[in-house]
Amino acid sequence: MHEFLELLGFDEKERQIQLPRISEVFSRLGITEADIETAKARLHLYFDMDLQGVRRMMGFLLKDMTDTVLLRDEGARKVVHACMAPGFEVLGTAINSNSQDVRFIYPNFTFTAVLGGMFGRFVPVLEEAERLWLRGGVVRHCGMVKTRVGLISLGILPRIDVTVTTGYLCDTSPKSNEIMQEVFGISAYCVDHVQDRQMAEYPDASRATVLSAKGMRRFSDILQKETGFEIDDDMMWQALEARRPIGEAMDRVIDVMRLSDPAPLASTHLNALAAFARAPYKAGDIPAVVEVFDTLYAELQERVRRGVGVLPKGAPRILVLCPNHHAEPRFEHLIHTMGLNIVASDFNFSSGHDRSGAGITDPGDPYNVICQHPHGTPGQSLEGRIVIVLDVCRRLGIDGVIDHYHVGCRYMAADTLAIRDAITKELGIPILAFEWDNFDPRSYDESDLATKLEIFRGMMQTAQGTVKTC
Amino acid sequence: MIIPELDSLIEARLRTLAEARAGGTKVVGYLPGGYVPDELIYASGAIPLCLIHGGEARSAEEALSLVPNVICPFARAQIGETLLRENPFYTSLDLVVVPTTCQHFKQVGDVWEHQGMVDVFKLGVPYDCQDDYEVEYYRGRLSELKKTLEHLTGNSITDDRLTEAIDVYNRLRRLLKTLSLARRDQQPAISALDFVRLNHFSMYADPVMMGDALEALCSSTPAVPPLPAKRPRVMLAGPALGFGDYDIINLITEAGADVVIEEIFEGIRDYRHVVDGSGDPLGRLAWSYLHDKKPAAFVRGATRKKIDFVLDLIKEFDVHGVLWYQLLCCELYDEESYLFEKVLRERGIPMLVVESDYHNLAVGPMKTRLEAFVEILQGGPVDA
């Protein structure tokens, strides 16, 4: 265990503090010595453990999982849980920074990265949800919602008082809310906007942002009644400001990965980076998070300066549609070994109105400032998403697109054929589209995927010349 | 068959549609579910058509060139009908109103817009109605729709015209409700298939003529013998029942039970609510359509209310079992089925979940399942 924690960037002092806590959590989750050995092997295979920034990032994720599991043991009186709720990490930071005993958790990404990506032990969580109302088979329910239900049903998460989700892109999670309320007795709430934008309105999303902000404010009021803790606007502003450096630091890392040739870091890390940035940290913990990003950035810059890459210079540049796999890095690893460089996901982009501030309709309302997600690619209508994807392909010099559409998300999956046609007609670059679940490791079928990728690579070779392999 | 002339009425409706269009009248289609007020379209002078065809594998498959098969077959059928260009109800449209009631419908609107097949108005329906701002949002979207319709038709939708249209549709809903309630009788005079077909026809028909026909029907003695007594009485529940998607009703009837009440989201006109009150008619529409009715499955917090409503209907219509007819990849109803089955089981009410993708419903295994279900409703298999 000492060796494992050292690998994850914990120094001697931290190891002394964290060892008993992490041991307790491993005991509760049934993680054995053999699992730890598996995790070490997976970390070395899929992640760049030579980099201190990567080691510490994985350590932070493990610590976040530990903190979550032990919340009740360590004094939390009320636990608020969020899933599929962009922007709610700010609310989480506001609560966690100001309340002594109300804790806000946003655990899905941490648990998929740790239990899945690190330990390769995620399937039982999904199977638990399938045993209940998110059955497997042709209905193809979303693995993200299964993660939510499975973690709660298995008792991996501490007892939850309030759970919140959003219906921005989803019907499954809001419906699971109601069933969880009935079956588990958890107070469950949903925040929504409405997906009724016409293409002629693009990039305006003000109807959606305003509705979403009102819903989020209403949820804050509900939390006051449920937990007795009042969240005021000053706390929200402070949380927004506190979290800003996380986004900026992550952007620096992402930019150096995206813009450097040869690529300085494998795409297997993209999911972990996003999970690391998303946790609802206390404001006081954020400088340490930013420091990890900055360490990684400096290490990557050093590689760039020396011309060192993890792929040959000129490796084909790939845009993926939907994020990288949350619970299983094998696919990104397979792509990497085939010499292909995933430089970004369309989920990283937007119409630009969120970043420029043009989408904010009420600068005096922190909830309006937070609720800018409808400008992001996933929050667009089909036409809006196509506009952004085509623009990103042109700007980043993309050689090919992989649309591994998350089948449980009807909102995303249904766009596939139209996007494929638009990319083919407008850009003439290859696009490989196939169905998978972004949270389910069982989606990975190596022989099937390798065959598809070989064909895809061949199409790019035809279009562009020889592709180098690792 | 209680109204043998329904087919000829459909043909007549198609003729009048063609004539009306030739004369410059606009035709406005909309997707079902009870969140697009026909009243607004009718008051603009346009002809409202609820797009309700479903049940055929061919049209659902046709859409697979544009959307993957995780979109439900009813939603795909709407795209497929516009692609096939064979169904006059789908080729006569000047505008389609798409309510954002589920991800599948949202995608139908996006695809229609992307392909430029037909002009689309996306009608945002808030998923909740706890607060005034949600009703106000919906009212705002209705107001935008009103402007769009006025621009399309060149007619002004005055309060008087809208009030008149509300009266027309209130009458239609009341008459359908009267017919439906008549099925509380142990020997109902109208079969489920007839009721569903009447309901579907009301979505295509001129509402005044349909009202007259229903009034005549309600006041007349049925010309057909009542259904046989002592057969199990079944509720048909599910997300959608398209025009033509009748195999499930025929199969359960052949298996020996009768559907006496439906709790269907898309495909049965929501005849249980009326647009009440006085004053601003647009505000009355918004309140009535969003707030003042039984919530559909997509509405947040609807599940418990739906369960209570279904339990009330079971009691009111003396239902012995629930036939849950869901469409493939409909995540909302698939999730709900777990809870409904649990709640009904606790009350000793059997529920059978049947899933359709519009392929071969009327084949052996399904018949066997339905026969077994009816046997259970009758007190269990003989050899049990």
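Specify the angular offset, from 0 to 90 degrees and rounded to the nearest 10, of the alpha carbon long axis of helix B:302-316 from the longest principal axis of the alpha carbons in chain B. Approximately 60 degrees, to the nearest 10. I need the calculated FRET efficiency for the pair A:F434 and A:R244, taking r as the beta carbon distance and R₀ as 45 Å, to the nearest 0.05. Efficiency, from the Cβ-Cβ distance: 0.75. Taking a ≥ b ≥ c as the square roots of the eigenvalues of the Cα gyration tensor, an a/c ratio of 1.5 or more together with a/b larger than b/c marks the range A:334-410 as prolate.
Counting only Cβ charges, +1 for Lys and Arg and -1 for Asp and Glu, the dipole size of the range A:83-191 around its Cα centre is about 240 debye.
Restricted to Cα atoms, the protein assembly as shown shows a radius of gyration and a Dmax of 28.3, 93 angstrom. Converting phi to 3J(HN,Hα) with the Karplus coefficients 6.51, -1.76 and 1.60 and the offset θ = phi - 60°, the range A:181-194 yields 4, 6, 8, 9, x, 9, 5, 10, 9, 10, 10, 9, 10, 10 Hz in sequence order, with x at every glycine or proline. Among the listed pairs A:K175/A:K282; B:K305/B:K342; B:K147/B:K306; A:K146/B:K367, those with a Cα-Cα distance over 23 Å are A:K175/A:K282; B:K147/B:K306; A:K146/B:K367. When DSSP beta bridges are restricted to pairs lying wholly in chain A, around 5% turn out antiparallel. In this simple spin-label approximation, B:E215 and A:D421 carry label points 7 Å from Cα along the Cα→Cβ vector, and these lie 4.7 nm apart.
For a modelled paramagnetic label at A:S23, 7 Å from Cα along Cα-to-Cβ, the residues of the range A:33-77 in reach, with backbone nitrogen under 16 Å, are A:33-34, A:36.
Given a cut-off of under 8 Å on Cα pairs at least six residues apart, what relative contact order in percent is computed for the range A:77-207? Relative CO of the range A:77-207 lands at 24 percent. What you get for the range B:4-70, charging only the Cβ of Lys and Arg (+1) and of Asp and Glu (-1), is a dipole of about 240 debye around the Cα centre. A Förster distance of 22 Å, applied to the separation of the beta-carbon atoms of B:Q130 and B:F309, puts the FRET efficiency at 0.75. The equivalent ellipsoid that matches the C-alpha gyration tensor of the range A:45-197 spans semi-axes of 24, 21, 16 angstrom, in descending order. Think of the range B:264-384 as a dipole: +1 on every Lys or Arg Cβ, -1 on every Asp or Glu Cβ, centred on the Cα centre; then among B:L370, B:V319, B:I307, B:I307 lies furthest on the positive end. Each of A:S97, A:M65, A:C83 was scored by the projection of its Cα onto the charge dipole of the range A:49-134, and the greatest displacement toward the positive side belongs to A:S97; charges sit on the C-beta of Lys, Arg, Asp and Glu.
For a modelled paramagnetic label at B:D280, 7 Å from Cα along Cα-to-Cβ, no residue of the range A:165-202 is in reach, as no backbone nitrogen comes under 16 Å. Between the listed residues A:A279, A:I246, A:V290, the Cα displaced farthest toward the positive end of the dipole of the range A:236-297, a dipole computed from Cβ unit charges relative to the Cα centre, is found at A:A279. Amide H to amide H, with H built 1.01 Å from N, B:E56 comes under 5 Å of no residue 5 or more places away or on another chain. The calculated FRET efficiency for the pair A:R395 and A:W237, based on their C-beta separation and a Förster distance of 30 Å, comes to about 0.35. Only Cα pairs under 8 Å and 6+ residues apart enter the sum, and on that basis the relative contact order of chain A stands at 17 percent.
Once the Cα atoms are used to define both axes, helix B:331-346 deviates from the longest principal axis of chain B by about 40 degrees.
The 3J(HN,Hα) values that the Karplus relation (6.51, -1.76, 1.60; θ = phi - 60°) gives for the range B:238-253 are, in residue order, x, x, 8, 9, x, 5, x, 8, 10, 4, 5, 5, 4, 5, 5, 5 Hz. Gly and Pro appear as x.
For chain B, the longest principal axis of the C-alpha atoms and the axis of helix B:132-153 are separated by about 60°. The slack in the chain from A:E226 to A:R305, taken as 0.36 nm per residue of separation less the alpha-carbon distance, amounts to 23.1 nm. Placing +1 on each Lys and Arg Cβ and -1 on each Asp and Glu Cβ, with no other charges, gives the range B:109-227 a dipole about its Cα centre of roughly 520 debye. Over chain B, the ratio between the Cα radius of gyration and 2.2 N^0.38 Å evaluates to 0.96. Computed from phi, the 3J(HN,Hα) profile of the range A:223-231 under the Karplus parametrisation 6.51, -1.76, 1.60 (θ = phi - 60°) reads 4, 4, 5, 6, 10, x, 9, 8, 9 Hz, with x in place of Gly and Pro. Computed from the alpha carbon positions, the gyration tensor of the range A:350-453 leads to an equivalent ellipsoid with semi-axes of 30, 18, 11 Å, biggest first.
Using C-alpha pairs under 8 Å with a sequence gap of at least 6, the mean separation divided by the residue count of the range B:1-96 gives a relative contact order of 29 percent. For peptide A:160-172, the mean count of partner chain Cβ atoms within 10 Å of a residue's Cβ comes to 2.
The helix-only estimate of mean residue ellipticity at 222 nm for chain B, built from DSSP H runs of length n ≥ 4 each weighted as -39500 (n - 2.57), is -15500 deg cm²/dmol after division by the residue total. The calculated 222 nm mean residue ellipticity attributable to helices in chain A amounts to -16500 deg cm²/dmol, summing -39500 (n - 2.57) over DSSP H runs of n ≥ 4 and dividing by all residues.
Here, each number is a calculation from the coordinates, and none is a lab measurement. What you see is a predicted model; the values in this text were computed from it and never measured. Cβ coordinates were reconstructed from backbone atoms using ideal geometry, including for glycine residues, and neighbour counts include every protein chain displayed.
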